[in-house]
Amino acid sequence: DRAKDITNELSNGKKIQHAFVGIQMVSLTPEFARQNNEDPNAPTIIPEIDGAIVVRVMPKSPAAESGIRRFDIIQAIDGTNVKSAKEVQAIVDKAKVGQTVNMKVVRGAADSKPIEIPVKTGDLTKMREVESSAKESNK
């Protein structure tokens, strides 16, 4: 269905918008957290839970502007539990540009109460255009 919609939009001369929030993440499992926590050089202690752990927040991205931080653990989006980075990506991919997605995140210790952070999705295409023009002007 999505492919048909994109084909129709392209044939009508429209640009395709792609929603994004501006994070890099990896799937988090209790085993992954345990391995990290046993490493004396680990940058942080990670709660031993399932979810997607944020490893990077892109500057000036929707996630950065909403207060998402490195090492936040995303456990749900809009009430749907997520156990992997792939699941988070799938939900964001289905969102529309400008739509607010509510991320339930754990920040800090495993016994920390999850917090809800609303993130208004941006347009990845526009972000790439801005980055491209910035690189060109720096030459």
Exercise. Within region 123-138, can one find any residue that is farther than 25 Å from Phe32 by Cβ, outside any loop (DSSP other than H, G, I, E, B) and at pLDDT 95 or above?
Worked result: no
For this session: Search region 76-90 for residues being open to solvent by less than 40 Å² (accessible area, probe 1.4 Å) and of a type outside the set (Gly, Ala, Ser), and hand back the single one that is nearest to Glu116 (Cα to Cα).
Result: Ile77
For this session: Output the number of the condition that Glu48 fails; it satisfies all remaining conditions of (1) surrounded by 14 or more Cβ atoms within 10 Å (Cβ to Cβ); (2) in a strand (DSSP E or B).
Result: (2)
Exercise. Quick one: is Phe71 more than 30 Å from Gly98 (Cα to Cα) and open to solvent by less than 90 Å² (accessible area, probe 1.4 Å)?
Worked result: no
Exercise. Just a yes or no: is a residue in region 2-25 more than 18 Å from Leu124 (Cβ to Cβ), assigned to a strand (DSSP E or B), open to solvent by less than 100 Å² (accessible area, probe 1.4 Å) and at pLDDT 95 or above?
Worked result: no
For this session: Say whether the condition of being outside any helix (DSSP H, G or I) and either hydroxyl-bearing (Ser, Thr, Tyr) or touching a residue at least 60 places away in the same chain (Cβ under 8 Å) (or both) is met by at least one residue in region 27-40.
Result: yes
Problem set entry | Residues that are among the aliphatic types (A, V, I, L, M), under 20 Å from Glu87 (Cβ atoms) and open to solvent by 40 Å² or more (accessible area, probe 1.4 Å), drawn from region 26-45 | Val26
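The values are calculated or read from the model by the stated rules, or taken from the named source; none is laboratory data. Note that the structure is a prediction, hence the values are computed from the model and not measured. Using ideal geometry, Cβ is built from the backbone for each residue, glycine included, and neighbour counts are taken over all protein chains shown. Ligands, DNA and RNA are excluded from the accessible area calculation, which covers all protein heavy atoms including side chains. Shrake-Rupley method; radii C 1.70, N 1.55, O 1.52, S 1.80 Å.
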